[in-house]
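First the structure, in the form of C-alpha cells, and then the observations on it.
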Amino acid sequence: MTETIAVFGAGTGLGMATARRFGREGYRVALVARRPEPLAELATRLGEEGIEAEPFTADLSDPAAVPALLARITARFGRIDVVEYAPVGSVAEFMQPASQMSAEFLRKHVDLLLNTPVEIVHALAPRMATRGDGGFLFALGASALDASATPGMSGAPSVASATRHWVHALHQDLAGRGVYAGLLLVAAVVDGSQGQREAVRLGVDLSAIPTVSPADLADAHFDLFTARDRVERIAPHGAY
C-alpha cells in the first residue's frame with residue numbers, strides 16, 4: 001500500500017516543503033489548513049510535480065473537529081502513516097507580554113498547539129502501534145526552549161514549552177512499539193512562509209533573526225523520521 005502523510009497546517013513554508021519531500025519518496029499527501037483557496041492551490045502545485053495530494057479544510061484550533069477530519073482523510077487515502085503538525089498562527093496573536101496575558105488569550109494557543117495534536121495522536125497512535133510503524137513529526141519555534149528569546153511574546157511560546165514536554169514523553173511511550181515521535185525546533189524565520197509575510201506586513205523588524213530554507217527544514221524532518229536516533233533537532237544547526 002502506498003503510504004500517506006497528513007500535513008496539518010499546510011502553507012507555503014515548511015508544510016509545502018515537507019509535502020514535497022515526502023512526496024518525492026512516494027508518499028501521498030493530505031494537506032490540512034483553514035483557508036480553502038490557498039490549500040487547493042498547494043494541492044494543484046504538488047499534482048503538477050507528480051505528487052498525489054488532496055486538500056482538507058479544517059480549523060485546527062478546534063480539537064473537537066479532529067475525529068471527523070481524520071475520518072475524511074482516511075476515507076480518501078485508507079490510512080495515515082505519518083503526521084506532520086506545524087500550524088502557524090497569526091504573528092499578532094503572539095505579541096502579548098506575560099503580565100497582560102489572559103486565560104482567554106492563551107486558550108486558543110492551547111487548543112492549536114497542544115489539544116488538537118493530542119487528539120490526533122490519541123486517534124492514530126493505537127493503529128500505528130498495531131502495525132508497528134508510522135510517525136508523528138512536530139515543529140515549534142525555538143522560543144519553547146527559552147522565554148528570554150522572545151520578550152513580549154508570551155502566547156504561543158508558553159504553550160509550546162508544554163507541547164515540547166509532551167512530544168518528548170510521546171517519543172518515550174511510542175518508540176518501543178515501532179512508532180516515532182520527533183520535534184523540530186526552528187530558531188529562524190522560514191523563508192517564504194506565511195509568518196514571514198505577515199511579520200513584514202505588520203512592520204516587525206526581522207533583521208536580527210536568521211532565515212532558513214523550508215526545504216532544509218523538510219530535509220531535517222525527513223531525517224528525524226528515517227534515522228529515529230533522537231527526539232529533537234534545532235534548526236539551523238548551531239542556533240543554540
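The values are calculated or read from the model by the stated rules, or taken from the named source; none is laboratory data. Quick caveat, the model's predicted, so the values are computed rather than measured. Ligands, DNA and RNA are stripped out before the accessible areas are found, and what is left, the full protein with its side chains, is counted by its heavy atoms. Shrake-Rupley method; radii C 1.70, N 1.55, O 1.52, S 1.80 Å.
For the range 1-143, what percent of Cα pairs sit more than 19 Å apart? Everything past 19 Å amounts to 51 percent. Proximity of backbone amide H atoms, modeled 1.01 Å from N, is registered between THR12 and GLN194 at under 5 Å, excluding neighbours fewer than 5 places apart on the same chain. Placing GLU37, GLU119 in order of accessible area, with the largest value first and a 1.4 Å probe, yields GLU37, GLU119.
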